[in-house]
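These notes concern the structure reproduced below.
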Amino acid sequence: MTTYILKRIVSMVPVLLLVSVVIFSLIHLTPGDPVVAMLGEEATPQARDNLRRQLGLDQPLPVQYATWLVKVVSGDLGRSIRTNQPVAQAIVERLPVTVQLAVLALIFGLVIAIPAGVIAATRRGSIADIGSTVLCLLGVSMPNFLLAVFLVYVFSLTLRWLPPIGYTSPLTDLGANLKGMIMPAITLGAFAAAATARLTRSTLLEVLNQDYIRTGFAKGLTETAVIRKHAMKNAMIPVVTVVGLQLGNLLGSAIVTETIFALPGIGRLVVDSIYQRDFPLVQGVVLYLALIFLVVNLLVDLIYAYLDPRIRYG
């Protein structure tokens, strides 16, 4: 297992390098000049050249990339062109909001998805199964920005139960923090809940048709015991894969949700940085998210070994 973990960690390096090359190329190929964005249209050409030289933007792109990569390897993600704040510090300040949002969305998705999938699979063809299928299709097909508008209209403008936008730190007021995060978490987690519920239903149905499940019933075990002790563990293997990937997707998909609900997380940081052509900040955030995604995938593979002892890693 230790050898496998080390191999996976080493294999993450070329992936991160590829991500860094792609994001560096895309950011620098997009139209616009960060120097103009910083100094304005009224700045003289000499002032622009001086700032461009100071930031290293007058160098060829391969030289800029090599310089940036050497700093990243040493732990320096650079400084924001706009605020001169270290990129790592900006990420650390915004990351807790995004992580809280992603975790709450994932919890919401699992609390809804697993029971709904189990009930739909064990009560196949019933009203509960049909209702679960309809809600899953609605959750998968509805865009999250449309769901956000609907939630704001119902719970903020009509019922006045929840604040429409804004963020309160949990260290300041935990109750206000949770009230402000309910609608963003539902908005972000609706798709994950629907997709996980459908997958749970289909995989559990497949497992329930296996011979060892029929043997369990023939031995006189109750339905609850058969499902809990024998069926769920095998049915959860593909679900764990999807849930792990969803956590990475939730961190990346938080951009739209944070923008709609005015949450000061990584998503809004990326959007603001793109508008202001803040290259170092965009590159640092994307690289950081890619690293999180890879670490989550590694954890998913390790959970595999626990759920299915037949899996052996060299």
At q = 0.11, 0.13, 0.18 Å⁻¹, what log₁₀ I(q)/I(0) does the range 39-177 have when each alpha carbon counts as one equal point scatterer in the Debye sum? -0.78, -0.89, -1.13
Quarter of Cα convex hull surface for the range 230-269, i.e. mean projection, nm²: 3.3
Which value in deg cm²/dmol, rounded to the nearest 500, describes the helix-derived mean residue ellipticity at 222 nm for the chain, given -39,500 (n - 2.57) per DSSP H run of n ≥ 4 and division by the residue count? -25000 deg cm²/dmol
Of the heavy-atom accessible surface of the chain (probe 1.4 angstrom), what whole percent is carbon and sulfur? 68
Restricting things to alpha carbons, find the Rg to Rh ratio for the range 197-314 using the Kirkwood radius for Rh. 1.19
Could you tell me the convex hull volume per residue, in Å³, taken over the Cα atoms of the range 13-100? 128
With every protein chain in place, the accessible area of LYS7 for a 1.4 Å probe, in Å² rounded to the nearest 10, comes to 130
Take the alpha carbon gyration tensor of the chain, find the square roots of its eigenvalues, order them as a ≥ b ≥ c, and report rounded if a/c is under 1.5; if not, report prolate when a/b exceeds b/c, else oblate. oblate
For LEU291 paired with ASN84, estimate the spin-label separation in nm (one decimal), with each label point 7 Å from Cα along the Cα-to-Cβ line. 2.6
accessible surface per residue for the range 5-111, probe 1.4 Å, DNA/RNA/ligands not counted, whole Å² -> 60
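Can you give the convex hull volume of the alpha carbon atoms of the range 96-179 per residue, in Å³?
In the range 96-179, the Cα hull volume divided by residue count equals 118 Å³.
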Give the share of C-alpha pairs in each 10 angstrom bin for the range 194-250, from 0 to the last occupied bin, in whole percents, shortest bins first. 23, 46, 23, 8, 1
Taking only protein heavy atoms into account and a 1.4 Å probe, give the accessible area per residue of the range 137-199 in Å². 56
Semi-axis lengths (Å, descending) of the ellipsoid that matches the C-alpha gyration tensor of the range 96-240: 36, 17, 12
Counting only complete DSSP H runs, which helices of the chain cover 30 Å or more along their long axis at the Cα atoms and score a mean Kyte-Doolittle of 0.5 or above? 2-29, 87-122, 174-208, 232-260, 279-307
As straight-line cross-link partners of LYS233, the qualifying lysines (C-alpha separation under 24 Å, not fewer than 8 residues apart within one chain) are LYS219
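The values are calculated or read from the model by the stated rules, or taken from the named source; none is laboratory data. The structure presented is a predicted model; accordingly, all values stated were derived computationally and were not measured. Cβ coordinates were reconstructed from backbone atoms using ideal geometry, including for glycine residues, and neighbour counts include every protein chain displayed. To get the accessible areas, we keep the full protein, side chains included, count just its heavy atoms, and leave off ligands, DNA and RNA. Shrake-Rupley method; radii C 1.70, N 1.55, O 1.52, S 1.80 Å.
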